[in-house]
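**Q** Below are the structure tokens for one structure; questions will follow.
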Amino acid sequence: MFLSYRWLQRHVDLTGVSAQEIAEDLTIHTAEVEGVEPFAPALSDVVVGHVVDRKPHPDADRLSVCTVDVGDDTPLNIVCGAPNVDAGQKVAVGRVGTVLPGNLKLKKAKIRGVESRGMICSERELELGDEHSGIWVLPDDAQVGVPVAQALGIDDWIIEIENKSLTHRPDLWGHRGIATEIAAIRGLELLPLDLTLPETAGGEPYPVRVESPGCPRYLGLPISGVRVERSPLWLRLLLIAAGQRPLDLLVDLSNFVMLDLGQPNHLFDAGRLSSEGILVRNARAGETMTTLDDVERTFTQNDMLIVSGDEPVAVAGVMGGEASKVAEGTTDLLLEVAAFDATTVRRTAQRLGLRTDASTRFEKTLDPTLPAKAAAHLVHTLRAIQPDVTLPRAMGDAGTWTDPACDVELRPERVRIVLGADVPDDEIERILTSLGFGVVRSASPWSVRVPSDRAAKDVGIEEDLIEEVGRMFGYGNIAERPLEGPLVPAPRDERRELVELLQNRLAGAARFHEALTHTFQFDALLQRLGAFDEAYLEVLNPQIDGCARIRRSILPSLLGVLEGNRRHSDDVRLFEIGKGYRPEDANERGEPREVHQLAIVWALPRPGKNARFDAGVMSRLQSVVDDLIRVARRSASGWRALDATDVPSWAHPGRSMANEFATVGVLDPGVKRELGLDGDLECDVAFAELSLDALLAADEAPHAYHPIPRFPSVKVDVAFSVPEAFAAGDAIAVVEAAGKGLVHSTEMFDLYRGDSVGAGKKSLALHVRLLASDRTLSDEDVARFVGRVERGIERAGGELRSE
Amino acid sequence: MLSPEAEAIRDEALAGVAAASDVAALASVDRTFLGKDGAVGQILASIKDAPPEKRKQLGQEANALKQVIGGAIEERREALRAEALVAERASDGFDPTLPGAPLQRGSLHPVTQVTRELQGIFSSMGYAILDGPEVELDDYNFEALNIPADHPAREMYDTFWCKGDANLLLRTHTSPVQIRALETLEPPFRAIAPGRCFRNETVDASHEHTFHQMEGLVVGEGITVGHLIGAMKTFLREVFRRDLEIRLRPGFFPFVEPGFELDVRCPFCAEKTPRGCSVCKRTTWIELCPCGMVHPRVLAFGGVDAEKYTGFAFGLGLSRLVMLRFGIDDIRHLMGADLRFLEQF
Ligand SMILES: [Zn+2]
């Protein structure tokens, strides 16, 4: 909302107080100020000129050559194209060097051979309205040579208030309300304003009926003998400063009252209404009307209409109708001032996509006592301009409204407790009174009368009054205080501790980068990953079409960013810890099951032919995951291969495995291509998914210390040739069994397939470290061990190749 | 007394030792003279065939040669080692400007880093760290926060609504954790709750539909606006490592009463005259977090006696703090998962 500093001065004497100081006051005590800008800055450069002489241009019919006195020693010669320019006029003159709106810098010019040293401006050229049929003729008493703003006393500042910060303050949507705040802040008097309705002609009041529950009050006041004309300069300038475009006196007055008191209102051409008067009712489904913006609107039963003779003439609280609008020749008016229900107006405005100055105000819940005051204000203002206007009939006033003014109990000691400041009783009383509250002091609690404009919306309980006192007292005057209380450890959050552990291990030892990705997943991505058909929670109003799904799992999001990262990096290691949502598994309150997951992806170029058997990315990621589980102090059973039924849709069907906490696998080759990881970006991709929920549900494995061996260990290498189907884990089991408790550790160091092993077979080789706790092992011990390994592996269908 | 032959051997050997320029050459001298088939070895071998009266002398000669030559070799070896050490200590070819060998490294996301820093500060002051769901119930996100259906304040939150259940949405702030905390914790307590939030705003360099906040909630007997100011100042002092001026100005949030916007004096232009920079948009203030005294209706919704207890709450813009901390000029990077961004942290 835009405030005019000069407009505020109609309500409070701001002598000696700058617009910037007002802005600062409002910021600290009332609402957020977006900025303070000078109004029409060009008016400080453009000066008053006196047209001393006007001659026709020798070579152009429509141009005049004027001699203009701007207070300098020599008058200026200015060529002017306006038809209304004449000798004797006072005009607004831009001189050479003056910058006009639109960043137009005036230069000396030759127009059709005649030199011109400046420009006589129209109102439009100064951004003071649409008027451009001629130059702006200033009042005769304007002082020559003085900047126009100063000469006319119209220099002004525009203060912009952030609308959101007025959401709860219907009383602040006009200049009078803001002026009330300023007066309270500065201890100034609010200037009086006559808000009593002048006497009307007697007889039956204008017929008004309210059928709709969304209209607590509707006033209809007939006004006669008006002329549609241009508004006086003062009115036009104030409206422009407040961001309104002046049109004609009646429209301008309607806007003026809204911007002054915060009460929207509407003027109908009474001649275009039915003699039956006004009815406020809900629309019939499909009913239509053309609004003032020349758009035909179709209504539903939830929309509230103003109807005359069963013809809709306005959308209640939103916009008037085209057919009944004031136009040239209008002499009789019906003034509508009403209180409309906030929700009804908001829904209609939203549905029609028609947020107007009126609807914005009604949405805040306006004071139902305000319409009568606004009607009076409009009549007084109109009469000041057109004194012969009459009120031919009593005002119609319908509705079931009640005055919201109420009494709220206030304990002054509670004010001090909540604020933590010693605000004396007298100060509390002074503040509340200055804001228009009525204070009856007694033993605590006091009774505080809340005026109707504050009670309409935001003040209803003691805390609301405490806020009033606090903001006026000044939060800056409250001293900081440390929290006190017993020192007890805050409850622990095991999940957060686990998250930190995993993050540290991954970013540290494992050297992965932590990423954050969006909660939404693209349909296209899920389709590529084959994960589209699962159950997803979706949002109704996605920002991007095809991106409404809320993720079930984190991993697809990370797979989605692989391609982009692969373009810049050979080795892409990313992880994310986050939440997934499973709508098929909602609780009785409708909350979807929340799963906490760690997702890891790792893309690497394929290892060379001579690389070690475990150089592949999956094998390395498997070790990372084993390490994470160990660091989390959980113990997992062995990895098992996932079969077609439980393998994730994006995983290689024959290269994926799981244990009770995690899944590890490589990306399916087809999916990899779908993700664009082929050609130049070809790489091996492994993924892992850990369930934090499963880790937290499992018991912590005891972290036992093993004594450092007292006797040396012996290293033995064994290699087997085994059938292809023989699992490495089984080979290790054979070795461990053969050790009879002496096997301290095993490490696979070769996996080989080839001619020397034979078709359908593979060779596995292990380093085995034997250790006894009570003696140094002998050659015989080793020989017995190897013998047992040999027999064991033969029983299992393989053979020992060497030791 | 050595025989002339022995003397010749000795002289030849010593010359060889002197000429040996490295350990290998010295080893060769050693073999040539002291080895099994070397010159001294041959003397020893000749003893058994020599006449008995000469044997003793031959034996003495051989031993003498062994000692002299062996000693010389040892001495020379020591000298060569010393020379080698000197050579090894030479700095030829050393270039400290050669970059170190590349190291693959990992990183924690800047949001994680700043969150942890704040958690550390607050938990040292006895705040519990809480978590809440990102898919929230309307009851918690709005209703219990004193924003009933049709409240105009709902429009301040561009909400993502879920399909199929009118009561489900993506939380627009971390404030619903306030209610969850009030329901589960017994006052007095202090808690923070960091996490992601969602608003359906058009994404550009300074707006993201997904961002991070950190809620704070302190409830107890006699908690005042003064405590709120104290808590905020303490936290800012810890984060920026100096005292920063703050100001509270009225702000409207239905779940607090009174409600404030907290501004902090821009630390980025503190030393400039006149003050003002692009970070604070020349205002010298940075809007940091909405806060206020918990509305009694909210306490009541959470089952807490609003007459006995008061409390304050704040909603720190975590994403904004991260951007301030690292000078990040485009919020989209935070959720972009681009290694070129992540690697910098
Ligand atoms: Zn700054």
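**Q** Using only the alpha-carbon atoms of chain B, report the extent along each of the three principal axes, biggest first, to the nearest angstrom.
**A** If we take the Cα atoms of chain B, the spans are 129, 49, 44 Å.
**Q** Next question, about the same structure. Taking θ = phi - 60°, what integer Hz values does the Karplus form 6.51 cos²θ - 1.76 cosθ + 1.60 yield along the stretch B:194-199, in sequence order, with x for Gly and Pro?
**A** Once θ is set to phi - 60°, the couplings for the stretch B:194-199 become x, x, 8, 10, 9, 9 Hz.
**Q** Are there GluC sites (Glu not before Pro) in the stretch A:554-657 that DSSP marks as loop and that have at most 16 other Cβ atoms within 10 Å, and which are they? Can you show the working numbers first?
**A** Numbers: sites: A:Glu563, A:Glu576, A:Glu584, A:Glu588, A:Glu594; in loops: A:Glu588.
Answer by residue number: A:Glu588.
**Q** May I pose another question? Working from Cα positions, state the angle (0 to 90°, nearest 10) between the long axis of helix A:425-434 and the longest principal axis of chain A.
**A** Between helix and principal axis, roughly 60 degrees.
**Q** Let me test this: with uniform point scatterers at the alpha carbons of the stretch B:4-90, what is the Debye-based log₁₀ I(q)/I(0) at q = 0.14 1/Å?
**A** -0.51
**Q** Provide a whole-number value for the mean count of partner chain Cβ atoms within 10 Å of the Cβ atoms in peptide B:155-166. All intermediate terms of the calculation are to be shown ahead of the outcome.
**A** Numbers: counts 5, 3, 0, 2, 3, 10, 4, 11, 11, 5, 7, 2.
That works out to 5 on average.
**Q** Under the rule of at least 5 residues apart or a separate chain, name every residue whose amide H is placed under 5 Å from the amide H of A:Phe613.
**A** A:Leu751
**Q** Still on this structure: Which log10 I(q)/I(0) values does the stretch B:145-247 give at q = 0.15, 0.20 Å⁻¹ under the Debye formula, counting every alpha carbon as one identical point scatterer?
**A** Normalising to I(0) and taking log10 leaves -0.86, -1.21.
**Q** For A:Leu305, what residues show an amide H to amide H distance below 5 Å, using hydrogens built from the backbone and excluding near sequence neighbours?
**A** A:Arg281, A:Asn282, A:Ala283, A:Ala316
**Q** Here's something else I'd like to know. In a GNM of chain B with a 10 Å cut-off on Cα contacts, which of B:Ser319, B:Ser123, B:Ser46 has the highest mean-square fluctuation?
**A** Largest GNM mean-square fluctuation: B:Ser46.
**Q** While we're here: Work out which helices of chain B, taken as complete DSSP H runs, extend at least 15 Å along their axis over the Cα atoms and score a mean Kyte-Doolittle of 0.5 or more, then list them.
**A** On the way: long enough: B:4-19 (22 Å, 0.17); B:23-34 (16 Å, 1.23); B:52-88 (53 Å, -0.70); B:110-123 (19 Å, 0.02); B:225-240 (22 Å, 0.82).
Within chain B the helices that satisfy the rule are B:23-34, B:225-240.
**Q** Here's another thing I want to ask about it. Counting residues in the protein assembly as shown as N, plug N into 2.2 N^0.38 Å and put the Cα Rg over that result. Spell out each step's value before the answer.
**A** Values: Rg = 44.6 Å, N = 1148, 2.2 N^0.38 = 32.0 Å.
That works out to 1.39 for the protein assembly as shown.
**Q** Sticking with this structure for a sec: Using the alpha carbons of the stretch A:219-357, what is the convex hull volume per residue in cubic angstrom, as a whole number?
**A** Working: hull volume 14.5 nm³, N = 139.
Hull volume over Cα atoms, normalised by residue count, gives 104 Å³.
**Q** Additional query: Give me the angle, in degrees from 0 to 90, between the Cα long axis of helix A:617-631 and the longest principal axis of the Cα atoms of chain A, rounded to the nearest 10.
**A** 80
**Q** Which lysines have a Cα lying under 29 Å from the Cα of A:Lys110, excluding residues fewer than 8 positions away in the same chain?
**A** Correct list for A:Lys110: A:Lys55, A:Lys90.
**Q** On a 0 to 90° scale, report how tilted helix A:779-795 is relative to the longest principal axis of chain A, with both axes built from alpha carbons and the result rounded to the nearest 10.
**A** 70
**Q** Report, in listed order, any pair from A:Lys672/A:Lys762; B:Lys233/B:Lys272; A:Lys325/A:Lys364; B:Lys36/B:Lys56 with a Cα-Cα distance greater than 24 Å. Write out the running numbers ahead of the final one.
**A** On the way: A:Lys672/A:Lys762 29 Å; B:Lys233/B:Lys272 22 Å; A:Lys325/A:Lys364 26 Å; B:Lys36/B:Lys56 20 Å.
Beyond 24 Å: A:Lys672/A:Lys762; A:Lys325/A:Lys364.
**Q** Right, something else. State which stretch of chain B is the longest one without any exposed GluC sites (Glu not before Pro), exposure meaning a DSSP loop state and at most 10 other Cβ atoms within 10 Å. Mind showing how you got there, number by number?
**A** Values: sites that count: B:Glu271, B:Glu307.
My reading of the result: B:1-270 is the longest stretch.
**Q** When we measure straight from the Cα of A:Lys761, which lysines land under 28 angstrom away, once same-chain ones fewer than 8 places off are left out?
**A** Candidates past the 8-residue exclusion: A:Lys609, A:Lys715, A:Lys740.
**Q** In addition: Tally the DSSP beta bridges in the protein assembly as shown and give the antiparallel ones as a percent, rounded to 5. Walk me through the intermediate numbers first.
**A** Values: 168 of 176 bridges.
Just about 95 percent of them are antiparallel.
**Q** Output the relative contact order of chain A, whole-number percent, from Cα pairs under 8 angstrom with separation of 6+ residues. Don't jump to the answer; show the numbers that get you there.
**A** Details: 1570 pairs, mean separation 66.1, N = 803.
Reported as a whole number, the value is 8 percent.
**Q** For peptide A:17-27, compute the average count of partner chain beta-carbon atoms within 10 Å of each residue's beta-carbon. Write out the running numbers ahead of the final one.
**A** Numbers: counts 0, 0, 0, 0, 0, 0, 0, 0, 0, 2, 7.
Counting Cβ atoms of other protein chains within 10 Å of each residue's Cβ and averaging gives 1.
**Q** Moving to a separate point now. Take every residue in peptide A:590-599, count the Cβ atoms of other chains within 10 Å of its Cβ, and give the average of those counts.
**A** Values: counts 10, 8, 5, 0, 5, 0, 1, 0, 0, 0.
Partner-chain Cβ atoms within 10 Å, mean over residues of A:590-599: 3.
Every number here is computed from the coordinates shown, using simple stated rules; none is lab data. It should be emphasised that the depicted structure is a prediction, and the values quoted were computed from it without experimental measurement. Using ideal geometry, Cβ is built from the backbone for each residue, glycine included, and neighbour counts are taken over all protein chains shown.
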